[in-house]
Amino acid sequence: MLNLVKIVAALLGCLVVADIVGVIACVVIDVAPLRFKSAPLPYVIWFVLGVFTGLFAYGAAGAWTAPDADREWTEQPGAARRGMLIVAIGALVLIALGFLFHALFWSRGVAGEYFVPDSAPHTIVFFASVGASMLLFHRLLMPAART
């Protein structure tokens, strides 16, 4: 139960930090001369932030839930199972947040431009890249997956 709380807390913490960084980046782009020159640029910002958020959340949750803090968590016994648990819980959290944001923002016609979570398309791109990168990094970082 404690590991579940740690995984959710690590993911939510990374999501909040990434959201703040993304909003700042989008505001800078909004006032910069690039504003009307590139419509896909906010999507690129949220996609790249999602990839890094997935990496940081996966690594932080794995290190935080590892039984031996002195060793790299991916090299410890049970790391592959722990990593898959992190990916599964992360996917459930992202899906639950998607439903919550749909109920709070998207179904009510909130005009959020390109900010997460106000904008449904940008949030979906962000969440999809977070989930996909967590799964990708699970495949790349686990010793059993490399053999």
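The condition of being free of Cβ contacts under 8 Å to residues at least 60 places away in the same chain, closer than 22 Å to LEU2 by Cα, open to solvent by less than 40 Å² (accessible area, probe 1.4 Å) and among the aliphatic types (A, V, I, L, M) holds for VAL87. All conditions in (1) over 24 Å from VAL8 (Cα atoms); (2) in a helix (DSSP H, G or I) hold for SER38, with the sole exception of (2).
Scanning for something of a type in the set (Asp, Glu) and farther than 30 Å from ARG139 by Cβ, does the stretch 29-37 turn up at least one residue? Yes; the residues of the stretch 29-37 include at least one that is of a type in the set (Asp, Glu) and farther than 30 Å from ARG139 by Cβ. As a summary of the residue check, PHE115 satisfies the conditions (1) hydrophobic (A, V, I, L, M, F, W, C); (2) more than 14 Å from the chain's Cα centre (by Cα); (3) surrounded by 13 or more Cβ atoms within 10 Å (Cβ to Cβ); (4) in a helix (DSSP H, G or I) except for the one numbered (4). If only residues of the stretch 74-106 that are over 20 Å from LEU11 (Cα atoms) and assigned to a helix (DSSP H, G or I) are counted, the one that is modelled with the lowest pLDDT is TRP106. For the stretch 41-64, indicate whether the set of residues that are touching a residue at least 12 places away in the same chain (Cβ under 8 Å), out of contact with any Ser or Thr (no Cβ under 7 Å at 6 or more places or on another chain), over 25 Å from ILE24 (Cα atoms) and of a type in the set (Val, Ile, Thr) is non-empty. Scanning the stretch 41-64, I find no residue that is touching a residue at least 12 places away in the same chain (Cβ under 8 Å), out of contact with any Ser or Thr (no Cβ under 7 Å at 6 or more places or on another chain), over 25 Å from ILE24 (Cα atoms) and of a type in the set (Val, Ile, Thr), so the answer is no. The number of residues in the stretch 1-30 that are of a type in the set (Val, Ile, Thr), at pLDDT 90 or above and either outside any helix (DSSP H, G or I) or open to solvent by 30 Å² or more (accessible area, probe 1.4 Å) (or both) comes to 8.
The values are calculated or read from the model by the stated rules, or taken from the named source; none is laboratory data. For clarity, every value in this text was computed on a predicted model and none was experimentally measured. Using ideal geometry, Cβ is built from the backbone for each residue, glycine included, and neighbour counts are taken over all protein chains shown. Heads up: the accessible areas ignore ligands, DNA and RNA and are worked out on the full protein's heavy atoms, side chains in. Shrake-Rupley method; radii C 1.70, N 1.55, O 1.52, S 1.80 Å.
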